[in-house]
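*Asks:* Have a look at this one before I ask anything.
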Amino acid sequence: MTTLDDRKPSSREPTLADVSGPSRLAEPDEAISAEELQLAARNHGIPLEALRYDVTPAGLHYLLIHYDIPELDPATHTLTIGGAVDRPLTVTLADLRERQRVTRQVTLECAGNGRALLHPRPVSQPWLVEAVGNAKWTGTPLAPLLRESGIDPDAVDVVFTGADHGVERGVEQDYQRALPVADALREEVLLAYEMNGAPLLPQHGAPLRLIVPGWYGMAHVKWVHSVELRTEPFEGYQNAVAYRVRRDADDPGVPVTRIEPRAVVRPPGFPDFMSRRRVLRPGPCLLDGRAWSGHAPVVAVEVTTDGGESWAPAELDPTDAGDFAWRRWRYEWVADPGRYVLGARATDASGRTQPVEQQWNRGGFANNMVQRVEVVVPAE
Ligand SMILES: Nc1nc2c(c(=O)[nH]1)N[C@H]1C(S)=C(S)[C@@H](COP(=O)(O)O)O[C@H]1N2
Ligand SMILES: [Mo]
């Protein structure tokens, strides 16, 4: 593993580049490093058994925090709306709470979900399939506030700035992400101050975060304090450098936006402590899990017990949770003694579905390869 000292030749003055290397791919047989483990310990995934809950309890929801959780006081926190507007606004949390109040169930998934399963592995937060959660977010719609500020007709992007600060590949920055104006004006987009009926927890963006239903996690800016309209496309790091699907380092790539369809299996039976492989008693067994897509509602889920060789249709539970919440699926299986590799595949109303083989890209983004759950059914 490269250490800080390896990168610090004594012959020159230190720079920000000394704290972070370039983005890189792991060598073919390179094990997960202590740096990746450090990120994995900070940014936990949902324990897959928690797929049992329609609404993910806050402490079981996945987490992704690029820098440090900032310290913000809800009593004095303000949100400014400025830039290319006629009437710049500053509102307090109390002002936001007096506005229209909306609660929406939204499935959040990190764009890097699945990254650590890719070959070669992009070195970053090493997610397997657990970077997902489905919560009830309460707040006020963003669009009316934008309209009240009088958007310049030439505005193209809306930049959201969080209070967290850090450095990434040598670039010092506040966490900032832009949305095209039309996407920011969607009626579903919320400035959220509650999660599952309680004030936001520090790690989930307290006291205020953006919720962009249907989009991968990076768009849902936490600890947001500034909203700025721009008449030129935003070229900040998290839009122009990170979060692009690229074939190689020179490819300008395409921006990561909406969530690709995915179904996950709630692992049946009980696990081995180290390997997490499952042990299941022979006989009838209900397989279930969750499925979601940010493009269009999920219309079908299929199940495999042989690692994707053959597929059988699952049933979708009825739902009133809205188009941006995951949906439960179920499948009646009879487990005969043997070894199995379980997985599920979602298809949405736009026709998008999931590949069995990896769709590789440099950052490991938007990878919705079918999950593999290894199960052993011992003969009794
Ligand atoms: N300010 C700020 N907002 C942020 C992030 C961040 O590091 N800073 N991480 C983003 C990413 S990459 C994801 S996946 C989601 C995770 O949200 P959660 O931790 O509430 O699940 O927050 C997004 N919003
Ligand atoms: Mo993310």
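What follows draws every value from the coordinates through simple rules; no lab data is involved. Remember, it's a predicted structure, so these values are computed and weren't measured experimentally. Cβ sites come from the backbone with ideal geometry, for glycine too, and all protein chains shown count toward neighbours.
*Asks:* Rg and Dmax of the stretch 34-255, Cα atoms, in Å?
*Replies:* Expressed in Å, the Cα Rg and Dmax of the stretch 34-255 come to 17.3, 51.
*Asks:* Could you give me the radius of gyration and the Dmax of the chain, taking only the C-alpha atoms into account and expressing both in angstrom?
*Replies:* Reported Rg and Dmax, both Å: 21.8, 74.
*Asks:* Follow-up. In the stretch 262-377, what percentage of the DSSP-assigned beta bridges are antiparallel, given to the nearest 5?
*Replies:* 90
*Asks:* Taking the radius of gyration and the Kirkwood hydrodynamic radius from Cα positions alone, what is the Rg/Rh ratio for the stretch 262-377, to two decimal places? Write out the running numbers ahead of the final one.
*Replies:* Details: Rg = 14.5 Å, Rh = 14.8 Å.
Computed over Cα atoms, the ratio is 0.98.
*Asks:* Where does each of C285, C110 land when they are ranked from fewest to most other beta-carbon atoms within 10 angstrom?
*Replies:* On the way: C285 16, C110 23.
Least crowded to most crowded, the residues run C285, C110.
*Asks:* Within the chain, what percent of beta bridges assigned by DSSP are antiparallel, to the nearest 5?
*Replies:* Details: 72 of 79 bridges.
So the antiparallel bridges amount to about 90 percent of the total.
*Asks:* Give a quick list of GluC sites (Glu not before Pro) in the stretch 105-193 that DSSP marks as loop, anything other than H, G, I, E or B, with at most 15 other Cβ atoms within 10 Å.
*Replies:* Numbers: sites: E109, E130, E148, E168, E172, E187, E188; in loops: E130, E187, E188.
Answer in residue order: E187.
*Asks:* Kindly put H119, H220 in sequence by how many other C-beta atoms sit within 10 Å of each C-beta, fewest to most. Let's see the in-between values first.
*Replies:* Numbers: H119 9, H220 24.
With the sparsest Cβ surroundings first, the list reads H119, H220.
*Asks:* Do the sum for the chain: with -39,500 (n - 2.57) for every DSSP H run of n ≥ 4, divided by all residues, what is the mean residue ellipticity at 222 nm, to the nearest 500 deg cm²/dmol?
*Replies:* The helix contribution divided over the chain gives -2000 deg cm²/dmol.
*Asks:* In the stretch 151-216, which trypsin sites (Lys or Arg not before Pro) are in a loop and have at most 14 other Cβ atoms within 10 Å, using DSSP for the loop call? Don't jump to the answer; show the numbers that get you there.
*Replies:* On the way: sites: R169, R177, R186, R209; in loops: R169, R186.
For trypsin sites (Lys or Arg not before Pro) across the stretch 151-216 that sit outside H, G, I, E and B with at most 14 neighbouring Cβ atoms in 10 Å, the list reads R169.
*Asks:* Measure out, as a whole number of angstrom, how far apart the alpha-carbon centroids of the stretch 297-340 and the stretch 5-69 sit.
*Replies:* 31
*Asks:* Among L128, L191, what is the fewest-to-most ranking by other Cβ atoms within 10 Å? Don't skip to the end; give the middle numbers.
*Replies:* Numbers: L128 16, L191 22.
If I rank by nearby Cβ atoms, fewest first, I get L128, L191.
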